[in-house]
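Taking it in order: structure first as structure tokens, then the write-up.
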Amino acid sequence: MHLTEFNALSRTHAAEAVRPALDIPRWLEAVVDARPYWHRDALLGAARTAAQPFTDEEIERALSHHPRIGERPAGNGAEAALSRAEQAAVDPTDRNVQERLREGNRAYEERFGRVFLIRAAGRTPEEILEQLTARLANDPATERAVVAEQLREIALLRLEGLVTP
């Protein structure tokens, strides 16, 4: 959708239009309520700083829409399509990578009690695996901050695709 269309939507419809970027109501409200945006950079800037910091509950809500790295999301919704595109570099037929991701995901979930999240777009499977391994050494507070930043990075990339200049 064009930025001028986004600006013209009702508050409810505007929130629904950008919800696939990041399903955190406080973030959605901040982004939508800052309209009108005169250029996309203003939208992205607002999205970058909206609703800081995320609460634990907000992070958990947002993570519920993200599949494990290496697993293809089911469904035909916008979020599932975005996740499939973002993980396109992870070849589902590469058994070595898939096994390493399964093991890493399992270790991460045991350590932190949540799905491993990373901005996969633009990263190779090896880069994702390196980050997964490195982040297993984080303490919970550090990892929470990393997850929040990854959610923001994903949201910005998704917004760039959802709202055109």
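None of the figures in this text is laboratory data; all of them are computed from the coordinates on show. Remember, it's a predicted structure, so these values are computed and weren't measured experimentally. A quick note on method: Cβ atoms are made from the backbone with ideal geometry, for glycine too, and the neighbour counts reach across all protein chains shown.
At 7 Å along Cα-to-Cβ for each site, give me the label-to-label distance between MET1 and PHE112 in nm.
Taking the simple label geometry, MET1 and PHE112 are separated by 3.1 nm.
Bin all alpha-carbon pair distances of the chain at 5 Å intervals from 0 and give each bin's fraction as a whole percent.
Spelled out per bin, shortest first, that is 1, 9, 18, 21, 19, 15, 9, 6, 3, 0.
To the nearest 20 debye, what is the magnitude of the charge dipole of the stretch 100-165 about its Cα centre, counting +1 on the Cβ of each Lys and Arg and -1 on the Cβ of each Asp and Glu? Let's see the in-between values first.
Values: 11 positive and 11 negative charges, 36 e Å.
That gives the stretch 100-165 a dipole magnitude of about 180 debye.
Rounded to the nearest 0.05, what FRET efficiency do THR49 and ALA121 have when you use their Cβ-Cβ distance and R0 = 22 Å?
Numbers: r = 21 Å, r/R0 = 0.96.
Once the sixth-power term is evaluated, E becomes 0.55.
Can you tell me the relative contact order of the stretch 39-165? Whole percent, Cα pairs under 8 Å, sequence separation 6 or more. Intermediate results must be reported in sequence, preceding the final value.
Working: 104 pairs, mean separation 40.3, N = 127.
Relative contact order comes out at 32 percent.
Which of the helices in the chain meet the span-like rule: DSSP H, Cα axial reach of 27 Å or more, Kyte-Doolittle mean at least -0.5?
On the way: long enough: 140-162 (32 Å, 0.23).
Once both thresholds are applied, what remains is 140-162.
Going through the stretch 1-110, which chymotrypsin sites (Phe, Trp or Tyr not before Pro) have at most 13 other Cβ atoms within 10 Å and a DSSP loop state? List each step's numbers first, then the result.
Numbers: sites: PHE6, TRP27, TYR37, TRP38, PHE54, TYR108; in loops: TYR37, TRP38, PHE54.
Taking the stretch 1-110 and a limit of 13 other Cβ atoms within 10 Å, the loop chymotrypsin sites (Phe, Trp or Tyr not before Pro) found are TRP38.
Hey, what did the stretch 106-165 get for relative contact order, percent, Cα under 8 Å, at least 6 apart? Display every interim value, and only then the final one.
Working: 24 pairs, mean separation 22.2, N = 60.
37 percent.
What does the charge count around VAL147 come to, taking other residues whose C-beta lies under 12 Å from its C-beta (Lys +1, Arg +1, Asp -1, Glu -1)? Mind dumping the intermediate values first?
Values: positive: ARG114, ARG119, ARG135, ARG144, ARG152; negative: ASP56, GLU58, GLU60, GLU143, GLU149, GLU153.
Here the charged neighbours net out to -1.
How large is the helix-only mean residue ellipticity at 222 nm for the chain, computed as the sum of -39500 (n - 2.57) over DSSP H runs with n ≥ 4, divided by its residue count, in deg cm²/dmol to the nearest 500?
On the way: 9 runs with 102 residues, N = 165.
Computed mean residue ellipticity for the chain: -19000 deg cm²/dmol.
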